[in-house]
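Data block below; observations after.
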């Protein structure tokens with residue numbers, strides 16, 4: 001007898017449903033449990049305000065969390081970079097999937113690279129983090145805020161509204177638009193958002209060790225260690241997911257290396273730090289990742305990173 005489908009909550013966008021379906025398929029393949037997608041509209045999907053005006057944190061996830069707590073769905077899939085770093089009462093991140101490419105990608109007219117864009121070219125992005133780091137590289141470009149799904153943003157190039165847009169490589173891959181990429185930014189150029197490229201599976205805490213314990217089959221220990229370190233930096237800086245904070249951790253050769261940056265909105269001031277810790281066993285990795293993230297964040301705060309974050313938040317409220 002086939003079990004009843006588990007109810008997975010997802011936002012309605014093409015990207016959200018595509019990535020949620022991929023997680024659903026992986027769960028079914030590994031456990032035999034069928035999964036049904038439940039489409040939910042979040043406030044972030046319908047508002048026309050920019051993320052800097054909204055504060056960014058939680059605008060894409062609160063509706064899903066409300067459905068979880070109300071019993072309308074059994075679990076939800078989020079883009080991890082959209083999740084607030086503070087824990088949600090009654091909910092648990094039961095799995096973090098293996099991360100896709102975490103880098104940012106440029107999509108520009110005429111196949112142009114970032115260095116080839118003419119002075120004054122309009123580059124569209126809704127991310128203060130991207131604007132700050134790009135402005136540090138090319139202060140001569142005009143960075144303009146844009147909203148909408150990947151297809152809408154890419155359409156602004158064809159219409160001539162902008163000369164280029166910057167989007168997450170992983171998201172472009174999920175919606176089949178990698179042919180539009182003209183350059184991929186290495187972490188040395190631009191650090192991604194904490195958690196970028198990873199998906200989070202969230203359920204009620206009461207179910208995580210019981211009826212829904214099987215969701216842990218899609219948890220990826222290496223990715224969990226990496227994104228834990230990145231998100232701890234964000235949490236220690238008391239910054240939301242729309243803050244100009246970049247962080248990138250990677251496990252390699254038994255070590256967890258973490259790089260982080262806080263950059264002023266105009267690119268003129270920055271605090272950058274990096275560190276590493278040895279990991280002997282991935283079962284101990286989350287604890288080591290938390291320690292590494294906290295130490296790095298404290299070093300950055302000592303250099304004024306918290307003041308840059310506060311200044312950026314104040315500027316966003318003034319817009």
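A few remarks follow.
- Legend: ranking of residues 39, 141, 106 from fewest to most surrounding C-beta atoms inside 10 Å; resulting order 39, 141, 106.
- The chain: relative contact order as a whole-number percent, Cα under 8 Å and 6+ apart: 21
- Separation of region 126-149 and region 162-239, taken as the distance between their Cα centroids, equals 20 angstrom.
- Beta bridges assigned by DSSP with both partners in the chain are antiparallel in approximately 75 percent of cases.
- Taking other C-beta atoms within 10 angstrom as a stand-in for reagent exposure, 180, 110 fall in the order 110, 180, fewest first.
- Crossing angle, helix 14-31 versus the chain [Cα axis fit, 0-90 degrees, rounded to tens]: 30
- Of the residues 65, 298, 231, the one that moves most in a GNM of the chain with alpha-carbon contacts below 10 Å is 298.
- Note on the chain: helix-only mean residue ellipticity at 222 nm, from DSSP H runs of 4+ residues weighted -39500 (n - 2.57) and normalised by residue number, equals -10500 deg cm²/dmol.
- In region 104-185, the DSSP beta bridges split such that about 60 percent are antiparallel, to the nearest 5.
- Rg/Rh ratio calculated on Cα atoms of the chain (Kirkwood radius): 0.96
- Cα long-axis angle, helix 305-318 against the chain (0 to 90 degrees, to the nearest 10): 80
- Cα pair distances in region 69-116, grouped into 10 Å bins until the bin that holds the longest one, percent each: 16, 36, 20, 17, 11, 0
- Tensor-based shape of region 164-313 (alpha-carbon gyration tensor, a/c under 1.5 rounded, otherwise prolate or oblate): oblate
- In degrees, nearest ten, helix 221-236 long axis to first principal axis of the chain (Cα): 60
- Remark: the residue 276-residue 206 segment gains 21.7 nm on full extension, using 0.36 nm per residue and subtracting the alpha carbon distance.
- Three-way shape call for region 104-185 based on the alpha-carbon gyration tensor, with the a/c threshold at 1.5: rounded
FYI, it's all coordinate maths here, none of it is from the lab. Only a predicted model underlies this, so the values are computations on that prediction, with no experimental measurement involved. With ideal geometry, Cβ positions are generated from the backbone for all residues, glycine too; neighbour counts draw on all protein chains shown.
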